[in-house]
Each structure stands twice: as C-alpha cells, then as structure tokens.
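Novice: Dumping the structure here so I can ask a few things about it.
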Amino acid sequence: MPTQDQVASFLQKLLMVAGGFAAGYLLAWIACVGFDKTVVRGKSPDLLHRWARLIGGVLTALVVAFFVFRGGTGTGDGTGGDGPGTGPVTAPTSKATSPATTAQKPPEVAVDAVPVFVVVYAGTAVERGTEKFFAIGDPPGAKVELTAVADAVRAGQEKGKAVVVYSLDDTAATGTTGFLLLQGEAKARGVPLIARNQFDTLRKK
C-alpha cells in the first residue's frame, strides 16, 4: 500500500503534468495568434486554432510526464522513494544490534558530568498502550515515558554538565523504539549518550 509521501509525490507529479498542458496550450494559442497576424492575416479557421492549442498542450504534457514519471517510485538503492531505480536491490538489515557493536568509540564525557542513568525497555516489557520505555536511576525506578527522561536530563544540566548513561533490558536493542527516542532526546539537548559498561570503564581510569 502506498505511503502518504508516495501519494503526495504522485499528486505533485500530476500537477506538474497539468501545468505542462496549460503552458503548451497557452504557447500554442500565442503562436496561432502570431501566425494569423503575420502570415495569413487572420484567415486561418478557428477549428485549426483549437486543434493547434490542444495538440500543443498534449505534447507539452507528454514531455513533462516523460521527465517526472520515467524514474517511477524506486530509488537507486531499491529502498523506495523518488529516483531512477537503477541501483541494485539490497536486503534490509536489522537495526537491533548489541551495544558492543554500535559504540566503536565512546563519546567524550567530562569528569564532572552528572550521569543520568536510564534503562531502556521494549516489547513485552512495555505496558500495552503506553510509551513507558524507560526507567531512571541507579537502581532504576518505575517505568516512565520520554518526558520524564527529558526532565531528568534537564535537571542534570542545571547542576552542570550531564551525560545520559543507558542500559538495555533483555527485551531492547539499539534499534528499538525506546533507544531511538532516547538517542534523539540526548542529541536534541546536546548531551553525550554512552552505554553503562563504557561509562563504568571511563570512570575507573
């Protein structure tokens, strides 16, 4: 089933084709008027004008349609979206990877940074109908939504520099919704996001 973006892109292309028809129709009319005034002195039949305008509009619309629709709806890498769709199709890869494979190099963390400990949950560990993907603290408290994490990060920033230290529950991974939300929140607030094991290693140095 087409997505909302694909439908919007298709409608936009249809409007471009309609605009091409209107432009061709107008240009053909101008050409007919000029032809009448300079060559035949107004003696050409109205039926010829109508057909000329119609043909001019259709031809221009076809040219526009050729350029806007020739790529279809695929991308060069076969993953969808606008583009010529000539690239090789690649199989989707899972985003659910372990912390050890995602963080090749830990981010820079100030020695005096205030840690905000967050446990990330997913799947059956999250109450149905809620977005309580997180638990804050060490040890963690009750499960909360992203707004509570944002408040905790803000409170840490008020004390100085803050760092979000995450742990993944057995149900979660770095590609699940909770982690992606946490990652976006940390980026938006300009604070480092680091795995608990990396943070503990840094503090031992």
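Just so you know, all these numbers are worked out from the coordinates, no wet-lab data involved. A quick note: this is a predicted structure, and the numbers were derived from the prediction, not measured. We place every Cβ from the backbone using ideal geometry, glycine too, and count neighbours over all the protein chains shown.
Novice: Report the full-extension gain for the segment residue 14 to residue 187: residue separation times 0.36 nm, less the Cα-Cα distance, to one decimal in nm.
Specialist: 58.4 nm
Novice: Out of the DSSP beta bridges found with both residues in segment 99-204, what percent are antiparallel (nearest 5)?
Specialist: In segment 99-204, approximately 35 percent of DSSP beta bridges are antiparallel ones.
Novice: Charges only on Cβ, +1 for Lys and Arg, -1 for Asp and Glu: so what's the dipole of segment 4-69 about the Cα centre, in debye to the nearest 20? Please report the intermediate quantities before stating the final value.
Specialist: Details: 6 positive and 3 negative charges, 62 e Å.
The calculated dipole for segment 4-69 is roughly 300 debye.
Novice: Which parts of segment 53-69 would a label at residue 35 reach, counting a residue when its backbone N lies under 17 Å from a point 7 Å out along Cα-to-Cβ?
Specialist: Residues passing the 17 Å test: 53-60.
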